[in-house]
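**Q** Encoded as structure tokens, here's the structure I'll be asking about.
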Amino acid sequence: MRKHDFLFLALFISVAAFMSGNAQQPAPDSQQQFADLGTCKLESGQQITGCKLGYRTFGKLNADRSNAVLFPSYFSGTSSSLSGFVGADSLVDPSKYFVVAVDAFGDGVSSSPSNSASQPGPLFPAFTTRDMVSAEYRLATETLGLKHLHAVMGISMGGMQTFEWMVDYPAFMDEAIPIVGSPRLTGYDLLLWHAEEDALRSDPAWQNGHYTQRPPLGAVDAMHQMNLTTPANYARAHPPEKFAADYAAYYTKGILPFDANDWLSQLEAMIHHDVSHSGSMDDAEVRVKARVLVVVAAQDHMVNPLPAEDFAKAIGAKVFVLDSDYGHISFSNGTDKLGPAVRAFLDGQ
């Protein structure tokens, strides 16, 4: 999801994160940090050179190092944009948990087409959500010195990564909370993401990825906004008398300041997302060991809730349903209901 779609203020607190052993030195809460991972080998057989993963921490580890919550970023979001979901009255309370908000590959902070010195722009290798999670595991174990997580939780593409965590590292966490994510996309989801991909590639300003100035990609943004909520919500927020100006803004502001090649790289990661890894979803489901809360949006036009609901049923997970015409972003407009449910689940209730 995009940073400017959410109306949250960052909550920053002033305690330091304690890390022991070989873990890197603690930094003040919410400060941007980076894990230098050297070379990141990818599912495709390619690799990211000079691989780095951005992250921010909130709160501190308890004495037995059992309260870490890893929180990967959503599509085109960053660890900074996740800070609005960290707080005593939000999704996860940093006075109880050591929260690690992670910048996913392709967000312009972690290794991405837009910031790679050795593999810039279209030379950057394609990566998957599984590759994102592999790097996050290295962040947790190699950089932070963690041997176990209390929970993994994520929103949208972060929810997809959460499902991937549940299957790839089933014994590494006690709980998992995928929010408006999916274990595998439906044809409707793929229709949207492929259409955005085609619109991006056909935009003359993209120049096959070799642009010198970031293009706004107006058609991509218009398509994205159209599916972010529901027709009723969009019609209410964009009355006819305002529509001309709103529509023009898609072609001037568009996806900016997000980079077009970064957008494309994360689109392709979602398009190929499948926790069964092209095998049996039954085999993926039986691997899950964590206690799971699956959050879906009933009117989601961006990530269809059915695969998540089916996965939850198969593993006996709890399900929390958001039902509003905010659609995919119902989680950001219904935190008065979602926040208490997530916080209670994290506390074992």
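**Q** Which one of L264, L256 is part of a helix (DSSP H, G or I), touching a residue at least 12 places away in the same chain (Cβ under 8 Å) and surrounded by 12 or more Cβ atoms within 10 Å (Cβ to Cβ)? Full working, then the answer.
**A** Values: L256 fails: part of a helix (DSSP H, G or I).
The unique qualifying residue is L264.
**Q** Residue check, S118 against (1) touching a Phe, Trp or Tyr at 6+ places or on another chain (Cβ under 7 Å); (2) polar (S, T, N, Q); (3) farther than 26 Å from H277 by Cα, all met but one. Which one?
**A** It is condition (1) that S118 fails.
**Q** Which one is nearest to the chain's Cα centre (by Cα) among residues in region 55-105 that are surrounded by fewer than 24 Cβ atoms within 10 Å (Cβ to Cβ) and not in a loop (DSSP other than H, G, I, E, B)?
**A** Filtering region 55-105 for residues that are surrounded by fewer than 24 Cβ atoms within 10 Å (Cβ to Cβ) and not in a loop (DSSP other than H, G, I, E, B), the one nearest to the chain's Cα centre (by Cα) comes out as S81.
**Q** Tell me which residues, restricted to region 135-160, are within 20 Å of H272 (Cβ to Cβ) and not in a loop (DSSP other than H, G, I, E, B). Before the answer, list the steps.
**A** Step one: filter region 135-160 for residues within 20 Å of H272 (Cβ to Cβ), giving 135-137, 154-160.
Residues satisfying the conditions are A135, E136, Y137, G154, I155, M157, G158, G159, M160.
**Q** Determine the pairs where a residue that is over 16 Å from D300 (Cβ atoms), located within region 326-348, has a partner that is among the aliphatic types (A, V, I, L, M) and in a loop (DSSP other than H, G, I, E, B) with Cβ atoms under 8 Å apart, the partner being 6 or more residues away or on another chain.
**A** Within 8 Å, the pairs are T335/L91; G339/L91; V342/L91; R343/L91.
**Q** With the condition kept exactly as written, say whether any residue in region 215-231 is farther than 27 Å from S44 by Cβ, in contact with a Phe, Trp or Tyr (Cβ under 7 Å, 6 or more places away or on another chain) and either in the same structural domain as D310 (by TED's automatic domain parsing) or among the small types (G, A, S) (or both).
**A** yes
**Q** Collect the residues in region 272-301 that are touching a Gly at 6+ places or on another chain (Cβ under 8 Å), surrounded by 22 or more Cβ atoms within 10 Å (Cβ to Cβ) and either free of Cβ contacts under 8 Å to residues at least 60 places away in the same chain or in a loop (DSSP other than H, G, I, E, B) (or both), keeping them in residue-number order.
**A** Across region 272-301, the qualifying residue is only D300.
**Q** Would you pick out the residues in region 204-238 that are farther than 28 Å from G181 by Cα and of a type in the set (K, R)?
**A** R214
**Q** Taking the stated definitions as given, is M132 closer than 21 Å to V86 by Cβ, in a helix (DSSP H, G or I), in contact with a His (Cβ under 7 Å, 6 or more places away or on another chain) and at pLDDT 95 or above?
**A** Working: closer than 21 Å to V86 by Cβ: yes; in a helix (DSSP H, G or I): yes; in contact with a His (Cβ under 7 Å, 6 or more places away or on another chain): no; at pLDDT 95 or above: yes.
Criteria not met by M132.
**Q** Please specify each residue of region 155-169 satisfying the condition of being over 15 Å from M281 (Cβ atoms) and either of a type outside the set (F, W, Y) or not assigned by TED's automatic domain parsing to the domain that holds L322 (or both). Write out each step before concluding.
**A** Quick first cut of region 155-169, residues over 15 Å from M281 (Cβ atoms) only: 155-159, 161-162, 165, 169.
Within region 155-169, I155, S156, M157, G158, G159, Q161, T162 qualify.
**Q** Return yes when H273 is at pLDDT 95 or above and not assigned by TED's automatic domain parsing to the domain that holds S116 and no when it is not.
**A** So H273 passes the test.
The values are calculated or read from the model by the stated rules, or taken from the named source; none is laboratory data. Since the model is a prediction, treat every value here as computed from it, not as a measurement. Cβ coordinates were reconstructed from backbone atoms using ideal geometry, including for glycine residues, and neighbour counts include every protein chain displayed.
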